[in-house]
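Colleague: Following this message is one structure expressed as structure tokens.
The values are calculated or read from the model by the stated rules, or taken from the named source; none is laboratory data. These numbers were taken from a predicted model, which means no experiment stands behind them. Don't worry about glycine lacking a Cβ; one is built from the backbone with ideal geometry, like all the others, and counts go over all protein chains shown. Quick note on the areas: whole protein, heavy atoms, side chains included, nothing else; ligands and nucleic acids left out. Shrake-Rupley method; radii C 1.70, N 1.55, O 1.52, S 1.80 Å.
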Amino acid sequence: MQITKKNTLLVVNPATGETFEEIEETGPDQTEQYYHKSRKAQASWGKMSIEERMVFFRKLRLYMVENMREIAEVISKDTGKVLTEAITADVMPTIDAIVHIEKRARKVLSPQKVSTPLLLIGKKSYVEYMPRGVVLVISPWNYPLNLAMVPVLSALAGGNAVILKPSEITPLVGKLIGELFNKVEFPQDIVQIAQGGKKVGEAFTQGDPDYIFFTGSVSTGKKIAEAAAKKLIPTTLELGGKDPMIVFSDAHLKRAAKGAVWGAFTNSGQVCMSTERLYVEEAVYSQFLSLVKEEANSIKRGIEKDADLGSMTYIGQKKIIQHQLNDALEQGARLAVGTPPEKWVNGMFIPLMILTDVTEEMDIMKEETFGPVLPIVKFTTEEEVVEKANSTQYGLNASVWTADLKKARRISRRLISGSVVINDVITSVANHHLPFGGTKNSGIGRYHGDAGLRVFCHEKSILMDKGRKRTEVQWFPYQGKYERFVSLFQNYFGKKRNWMKFAKDYLSLLKK
């Protein structure tokens, strides 16, 4: 967490309150200089082969593996999360992303031969992938390493230069990212770090990037999209969620209870894919509620290595949780676990809370909470729960729990969501072969998977002819060609194909 002083970001560990570093902010007036350096660096980087770029990726991966503990400690200090979550949810998925890119980039980004249609017979067709240029990545504070590095690395693989604006809430991790690229000697200025808050983000958004990749809130995402649209700058927007978890009576209830508690409370609920709405079939509601309460009450909070959960990261998010919780309690919701805001102690550790007697009209069931709160609602039919699950403005992720996998797939197809996980939570984002992104207000575009590498490139169409023929069948003159074309197409596309007649018509057209 940071406290802003003039021209610096004062880094404070949110779990302990300890102040341990000041980081210089990037001035908005430096924007032009950053873009100039990026374009100069990209000119050389973009000319490298994919294999040459992957040499740097391998060096980065090996360095990160050797220094996992030190990297996790920086993340923990900057966010207040426990070391185990720093290494499993931030460091490891980033290393895994590098492995994925090393294995897939050459195949995905090399020229792809495609089919050529009838009228262009004899030619060859390809799709090539050209770097966009300079990519601006604006990343969030909840997973400050992974959610910055994956788009940065994906953009680099395609031959782009990158300017990264990490969250001002976690500038120490932003500094670390710059150091990682320097340690393994990536080309100078191919990745630049711009530290600072809203004004810095606005300045770089206005600074003519060739692509913008943003992860953060819906409100900020809309502002970035509006600014980018004025200059026709393409964007990917990874925004918020209000993810439903649906538990049917035939599910493995103990597993589902453990999954619900982890899905709701991991990283203190500060996950865009957190379980923020839990729907339980009425027949097992009471039993399941007891299991969830038991699991939640067993969680160990603190800063020790073996603790399960650390603190909240951002004071502003704590205020949002307070507002939503008070609103729900005033409308009749009850706390099955936890305490109301007026009983919270000072600091960034807040109680884990499980809410019952909630209704779909409450803000806590409609708006992203991004904190350790789990509302639980009972349902009776598939139709009812699908309607409720789809009722918010969000559609990032969802989970379905049942022993009947056919039913799970049936429900999954009906959920308006970028991802669905069956009998697990959140984990689809950890599979770099799967595209990741949202529907509705949860975002625009996808990353991860093959599409997540190609999105940072222009697709260039190449159509090649050897240039040996005197003419083409569709060129002038048209005299006498109409009936031959009709015959040609009928023999090619019709029910009974006459290849001899087709060849005769084609050759006669070529001679015209």
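Colleague: What number goes with the only condition from (1) of a type in the set (Asp, Glu); (2) open to solvent by less than 20 Å² (accessible area, probe 1.4 Å); (3) not in a helix (DSSP H, G or I) that residue 505 does not pass?
Modeller: (3)
Colleague: Which pairs turn up if I take residues in segment 56-68 that are touching a residue at least 40 places away in the same chain (Cβ under 8 Å) and basic (Lys, Arg) and look for partners that are assigned to a helix (DSSP H, G or I) and buried (at least 21 other Cβ atoms within 10 Å of the Cβ) with beta carbon separation below 7 Å, at least 6 apart in sequence or on another chain?
Modeller: Qualifying pairs under 7 Å: 61/98.
Colleague: Related question: Here are some residues: 361, 384, 304, 330. Which one is of a type outside the set (Gly, Ala, Ser), out of contact with any strand residue (DSSP E or B) (no Cβ under 7 Å at 6 or more places or on another chain) and under 21 Å from residue 261 (Cα atoms)?
Modeller: Just one listed residue meets the conditions, 304.
Colleague: Residue 76 - would you say it is open to solvent by 40 Å² or more (accessible area, probe 1.4 Å), hydroxyl-bearing (Ser, Thr, Tyr) and outside any loop (DSSP other than H, G, I, E, B)?
Modeller: No; evaluated as a whole, the condition is false for this residue.
Colleague: Cβ contacts < 9 Å: first residue within 20 Å of residue 67 (Cα to Cα), restricted to segment 180-195; second residue in a loop (DSSP other than H, G, I, E, B), any location; separation 6+ or different chain. Result?
Modeller: 180/67; 180/186; 181/190; 182/188; 183/67
Colleague: Next question, about the same structure. Surrounded by fewer than 14 Cβ atoms within 10 Å (Cβ to Cβ), closer than 28 Å to residue 86 by Cα, under 31 Å from the mean Cα position of the chain (by Cα) and in contact (Cβ under 8 Å) with a residue 60 or more places away in the chain: is that true of residue 305 in this structure?
Modeller: Answer is yes for this residue.
Colleague: Specify the residue that is farthest from residue 350 (Cα to Cα); the eligible residues are those in segment 88-106 that are open to solvent by less than 50 Å² (accessible area, probe 1.4 Å) and among the aliphatic types (A, V, I, L, M).
Modeller: Across segment 88-106, the extreme among qualifying residues is 105.
Colleague: Something else about it: I'd like to check which helices (runs of 4 or more DSSP H) are fully inside segment 314-409 and have at least 2 residues that are touching a residue at least 40 places away in the same chain (Cβ under 8 Å) and open to solvent by 50 Å² or more (accessible area, probe 1.4 Å).
Modeller: 315-330
Colleague: Out of 412, 461, report the one residue that is assigned to a strand (DSSP E or B) and either under 30 Å from residue 119 (Cα atoms) or among the polar types (S, T, N, Q) (or both).
Modeller: 461
Colleague: Give segment 472-499 a look and list any residue that's in a loop (DSSP other than H, G, I, E, B), open to solvent by less than 70 Å² (accessible area, probe 1.4 Å) and under 18 Å from residue 116 (Cβ atoms), or say none.
Modeller: Hits for segment 472-499 are 472, 473, 474.
Colleague: Could you go through segment 431-451 and let me know if any residue there is assigned to a strand (DSSP E or B), open to solvent by 50 Å² or more (accessible area, probe 1.4 Å) and either within 23 Å of residue 247 (Cα to Cα) or in contact (Cβ under 8 Å) with a residue 24 or more places away in the chain (or both).
Modeller: So far as segment 431-451 goes, yes, one or more of its residues are assigned to a strand (DSSP E or B), open to solvent by 50 Å² or more (accessible area, probe 1.4 Å) and either within 23 Å of residue 247 (Cα to Cα) or in contact (Cβ under 8 Å) with a residue 24 or more places away in the chain (or both).
Colleague: Next up: Filtering segment 387-427 down to residues that are modelled with pLDDT of 95 or more and hydroxyl-bearing (Ser, Thr, Tyr), which residue is farthest from residue 88 (Cα to Cα)?
Modeller: 391
Colleague: What do you reckon, is residue 47 under 30 Å from residue 160 (Cβ atoms), open to solvent by 50 Å² or more (accessible area, probe 1.4 Å), in the same structural domain as residue 182 (by the TED database) and in a loop (DSSP other than H, G, I, E, B)?
Modeller: yes
Colleague: Sticking with this one: Is there any pair linking a residue in segment 33-53 that is modelled with pLDDT of 95 or more to one that is in a helix (DSSP H, G or I) and not polar (S, T, N, Q), with Cβ under 6 Å and at least six apart or on different chains, and which?
Modeller: Cβ pairs passing all conditions: 50/105; 50/106; 50/109.
Colleague: Only residues in segment 197-220 that are acidic (Asp, Glu) count as the first member; pair them with residues that are part of a loop (DSSP other than H, G, I, E, B), Cβ under 9 angstrom, at least 6 apart or cross-chain, and list the lot.
Modeller: Cβ pairs passing all conditions: 208/231; 208/233; 210/132; 210/133; 210/160; 210/233; 210/234.
Colleague: Looking at (1) open to solvent by less than 10 Å² (accessible area, probe 1.4 Å); (2) part of a strand (DSSP E or B); (3) touching a residue at least 60 places away in the same chain (Cβ under 8 Å), find the lone condition where residue 128 falls short.
Modeller: Only one criterion is unmet by residue 128, namely (1).
Colleague: Please go through segment 246-289 and give me each residue that is hydrophobic (A, V, I, L, M, F, W, C), under 30 Å from residue 76 (Cβ atoms) and not in a loop (DSSP other than H, G, I, E, B), ordered by number.
Modeller: 256, 257, 260, 261, 262, 264, 265, 278
Colleague: Ok, one more. In segment 17-32, which residue that is polar (S, T, N, Q) and modelled with pLDDT of 95 or more is nearest to residue 79 (Cα to Cα)?
Modeller: Here the residue is 26.
Colleague: How about segment 443-462: which of its residues are hydroxyl-bearing (Ser, Thr, Tyr) and more than 10 Å from the chain's Cα centre (by Cα)?
Modeller: 461
Colleague: State yes or no: is residue 220 polar (S, T, N, Q), touching a Pro at 6+ places or on another chain (Cβ under 7 Å), on the phi < 0 side of the Ramachandran plot and open to solvent by 10 Å² or more (accessible area, probe 1.4 Å)?
Modeller: No: the conditions fail for residue 220.
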